[in-house]
1. In terms of the ratio Rg/(2.2 N^0.38 Å) built on C-alpha atoms, what value belongs to the stretch 104-190?
2. What whole-number value in Å² describes the accessible area per residue of the chain for a 1.4 Å probe?
3. Treating each Cα of the chain as an identical point scatterer and ignoring solvent, apply the Debye formula and state log10 I(q)/I(0) at q = 0.13, 0.15, 0.16 Å⁻¹.
4. Over the chain, what is the relative contact order in percent, taking alpha-carbon pairs closer than 8 angstrom and at least six residues apart?
5. Can you give me the angle between helix 180-189 and the longest principal axis of the chain, using Cα atoms only, in degrees from 0 to 90, rounded to the nearest 10?
6. Could you tell me what percent of the accessible area of the stretch 1-74 is made up of carbon and sulfur, with a 1.4 Å probe and every protein chain present?
7. Highest mean first, what order results for 70-76, 109-115 on Cβ atoms within 10 Å?
8. Given that compact globular proteins tend to follow 2.2 N^0.38 Å, what is the ratio of the alpha-carbon Rg of the stretch 99-150 to that value?
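The values are calculated or read from the model by the stated rules, or taken from the named source; none is laboratory data. Here the structure is a predicted model, which is why all the values come from computation and not from measurement. Every residue, glycine among them, receives a Cβ derived from its backbone with ideal geometry; neighbour counts consider all protein chains shown. SASA here: full protein model, heavy atoms, side chains in, ligands and nucleic acids out. Shrake-Rupley method; radii C 1.70, N 1.55, O 1.52, S 1.80 Å.
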Amino acid sequence: ILDEFSELNIDTTYIRQSKQNNTGISIAINPEHDRSFITYMGSNSEVRMEDLHENSMKYGRHVHMTGYQGSRNHDAYIAMIHKIKSFGATISFDVGWDDTGEWYSGIFEIMREVDVFFLNELEALHYSGCSDIRQAITLMSKHASHLVVKMGSRGAVSVQNGQQTYRSAYIITAVDTTGAGDSFNAGYMY
């Protein structure tokens, strides 16, 4: 990958390689109705928010954040968000699944701090404590200036400054949804 980056003249100055761990890998198990992941964190387990080099963020216009682990790394995320904002960059944030089951209420602080906040329907229900997605969206949009809730085959809802927009999904035959949320985020931000 580094060789290919070099051929494409992509700056790799801030890429670090682990001397202890191999590349992380996840295996997705996709039965008919749900999915699960088995993950070896590998070198990803070495990444600490505090270790990110300031120069690697200083020249960017936008930063997308993920990897939130509730109370375990909340303070580090808040500090990093403030640092990124001080450079004038915009921030999008995808909360990701909370495999601890904590569903930390500090997420509402994150929502207030970032420019675009992404989550899927199940995450919205868990974090909000609501049993109805419409209630969850109403509650969360009071904390986020730009909220996007991904609802799989039912499309997505965005609420920007109180204005709600619904978009239906393309009708397709899904083969593997791994990476669908990440691809959605990238397309939405583009």
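1. 1.06
2. 68 Å²
3. For the requested q values the scattering log ratios are -0.81, -1.08, -1.22.
4. 11 percent
5. 90 degrees
6. Details: 3040 of 6300 Å².
About 48 percent, which is the carbon plus sulfur part of the accessible surface.
7. 109-115, 70-76
8. 1.01
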